[in-house]
Amino acid sequence: MSARPGGRFRSRARLRLSAAALVGALSGALAPGGAGLPARAAGTPPPPSSSPSTSSSSSSSSDKALQRQLDDLVRTAGGPPGAIALMQVGDRTTVHRAGVADTRTGRPPRADEYMRLASVSKAYSGAVALRLVDRHRLDLDDTIGRRLPALPEAWHGVTLRQLLSHTSGLPDFSTAPSFLEILIADPRHRFDSRALLDFVADRGLEFPPGSRYAYSNSDNIAVALMAEAVTGRPYERLLEQLVYRPLDLRRTLLPQGYRMPRPYLHGYDVTPPAPPEDISEALSASGVWASGGIVATPEDLNSFVRAWAGGRDFLSREVRDQQRRFIPGAASEPAGPGANAGGLAIFRYTTRCGTVYGHTGNFPGYTQLAAATADGKRSLTFSINTQTSKSLKPELLAKVRAVQEDFVCALLRR
């Protein structure tokens, strides 16, 4: 069969790049050379357009400096077509945006558009689990053997605490050859999310539980399954009951398919000299589920992280103390601004200006940071519509982290 140049054949061919690229697309350790995912040609994007918007207009030198940094970021070779940063101090919200949410139409990013949260989703499964701990339905020392006895016996000693802190030793299902084979054949394949751990059920632990830190997509799948086991309710319903409703999150959901709710911030593979290619709907969310599948708007993400990092009524003091027992040097993926340390589904980012708490994430087309102060009164969400990580465009990641740190400093100084 033949196909005209630049048409469907080229996009399908992009599908069949190396398994390493597809591993990275889910784990955040993307191999160099692009996402390797099917895409619709987006055409040459219009020149980046930027405009800060605030709930109360500000022309401070700080705001102007932050805006210049975002503008520069979207003009960077291989950088994102668009970026949006939402800062809230008390009741005052400031939004900075640059570039475009959609290269086809040229419209700018907005705070009420959906986007893929990627591994920030792990904070939501952590929230479900820790709220169940507060209700005495789960215990941080509960083991896989007690709550999920059907999983491999070699995993039975792993505790909920170790899953939430990525010290479990569970093998990462997203690296399994059998998982990759399905994904390469059909990136939009609808997986049975509750059976994702079956792809590594023939493997033992990577290391003794609690002996070291290793970021794994399998951990939060097991967390969600534990929550289902003790409540008898689907994880999606637990999200609604324990997270969405209490925080009035009306634009947050966990889809199973590849479609994005409208309107959404389009995600792109940016590999110069080729134009950005839209990969927003290239992968099914069912293949990441509780580890990376949540979709939300910047506004909803901001509301969540304020509660997750420090909201008084969201977690008890006792559970919050457990959550904040940090492992120095344990970084989220991709690493957040400053020095990283890992707690229970939350990370501490110590910058030159002070400390915030939250989570990062990346997924084909998206890189995210959501963070807030320990009292939840100051918060930041920082989103770009291309993926970057320590192995994919490390120079871009370094630049993104530097800009994020400047936004954190501005947040803490207000």
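The values are calculated or read from the model by the stated rules, or taken from the named source; none is laboratory data. These figures come from a predicted structure and were not determined experimentally. So basically every Cβ, Gly included, is an ideal-geometry build from the backbone, and we count neighbours across all protein chains shown. For accessibility, only protein heavy atoms count, side chains too; no ligands or nucleic acids. Shrake-Rupley method; radii C 1.70, N 1.55, O 1.52, S 1.80 Å.
Just wondering, is there one or more residues in region 368-376 that are open to solvent by 10 Å² or more (accessible area, probe 1.4 Å), closer than 27 Å to L163 by Cβ, touching a Pro at 6+ places or on another chain (Cβ under 6 Å) and of a type in the set (A, V, I, L, M)? Within region 368-376 (the criterion being open to solvent by 10 Å² or more (accessible area, probe 1.4 Å), closer than 27 Å to L163 by Cβ, touching a Pro at 6+ places or on another chain (Cβ under 6 Å) and of a type in the set (A, V, I, L, M)), the answer is no, since none of the residues qualifies. Scanning region 307-329 for residues that are closer than 27 Å to K390 by Cα and of a type in the set (K, R) returns R324, R325. Taking the stated definitions as given, is E299 open to solvent by 40 Å² or more (accessible area, probe 1.4 Å), under 18 Å from the mean Cα position of the chain (by Cα) and of a type in the set (D, E)? It is true that E299 is open to solvent by 40 Å² or more (accessible area, probe 1.4 Å), under 18 Å from the mean Cα position of the chain (by Cα) and of a type in the set (D, E). Just one of the listed residues (R116, R131, R161, R110) is under 30 Å from L70 (Cα atoms), within 23 Å of the chain's Cα centre (by Cα) and open to solvent by 10 Å² or more (accessible area, probe 1.4 Å), and it is R110. Screening M87 on (1) in a helix (DSSP H, G or I); (2) buried (at least 17 other Cβ atoms within 10 Å of the Cβ) shows it passes everything except condition (1). Name the single residue, out of those in region 247-283 being of a type in the set (G, A, S) and touching a residue at least 60 places away in the same chain (Cβ under 8 Å), that is surrounded by the fewest Cβ atoms within 10 Å (Cβ to Cβ). The qualifying residue surrounded by the fewest Cβ atoms within 10 Å (Cβ to Cβ) is G257. Contact map, region 86-113: first residue under 20 Å from D300 (Cα atoms) and polar (S, T, N, Q), second residue open to solvent by less than 10 Å² (accessible area, probe 1.4 Å) and assigned to a strand (DSSP E or B), Cβ cut-off under 6 Å, separation 6 or more or different chains; pairs are Q88/S379; T94/M87. A search for C-beta distances below 7 Å between a residue of region 394-411 that is within 18 Å of G82 (Cα to Cα) and any residue that is outside any helix (DSSP H, G or I) and open to solvent by 20 Å² or more (accessible area, probe 1.4 Å), counting only pairs 6+ apart in sequence or on different chains, returns L396/T76; L397/K390; K399/T76; R401/A335. The selection criterion, being under 22 Å from I346 (Cβ atoms), in a helix (DSSP H, G or I) and hydroxyl-bearing (S, T, Y), does not hold for S286. For region 132-144, the count of residues that are assigned to a helix (DSSP H, G or I) and without any contact (Cβ under 8 Å) to a residue 24 or more places away in the chain is zero. Among the conditions (1) outside any helix (DSSP H, G or I); (2) out of contact with any strand residue (DSSP E or B) (no Cβ under 8 Å at 6 or more places or on another chain); (3) at pLDDT 95 or above, the only one that P47 does not satisfy is (3).
Considering only residues in region 330-360 that are farther than 19 Å from K390 by Cα and hydrophobic (A, V, I, L, M, F, W, C), the one that is surrounded by the fewest Cβ atoms within 10 Å (Cβ to Cβ) turns out to be C353.
Taken as a whole, the structure places I327 among residues that are surrounded by fewer than 22 Cβ atoms within 10 Å (Cβ to Cβ) and under 24 Å from T367 (Cα atoms). A search for C-beta distances below 8 Å between a residue of region 172-187 that is closer than 12 Å to L283 by Cα and any residue that is of a type in the set (K, R) and surrounded by fewer than 21 Cβ atoms within 10 Å (Cβ to Cβ), counting only pairs 6+ apart in sequence or on different chains, returns I184/R16. Within region 183-204, is there a residue that is within 21 Å of D142 (Cβ to Cβ), charged (D, E, K, R) and either surrounded by fewer than 21 Cβ atoms within 10 Å (Cβ to Cβ) or modelled with pLDDT of 95 or more (or both)? Scanning region 183-204, I find at least one residue that is within 21 Å of D142 (Cβ to Cβ), charged (D, E, K, R) and either surrounded by fewer than 21 Cβ atoms within 10 Å (Cβ to Cβ) or modelled with pLDDT of 95 or more (or both), so the answer is yes. Here E240 fulfils each of the conditions (1) outside any helix (DSSP H, G or I); (2) open to solvent by 30 Å² or more (accessible area, probe 1.4 Å) apart from (1). Evaluate the following for E206: is it at negative phi, free of Cβ contacts under 8 Å to residues at least 24 places away in the same chain and not hydrophobic (A, V, I, L, M, F, W, C)? Spelling it out, it is not the case that E206 is at negative phi, free of Cβ contacts under 8 Å to residues at least 24 places away in the same chain and not hydrophobic (A, V, I, L, M, F, W, C).
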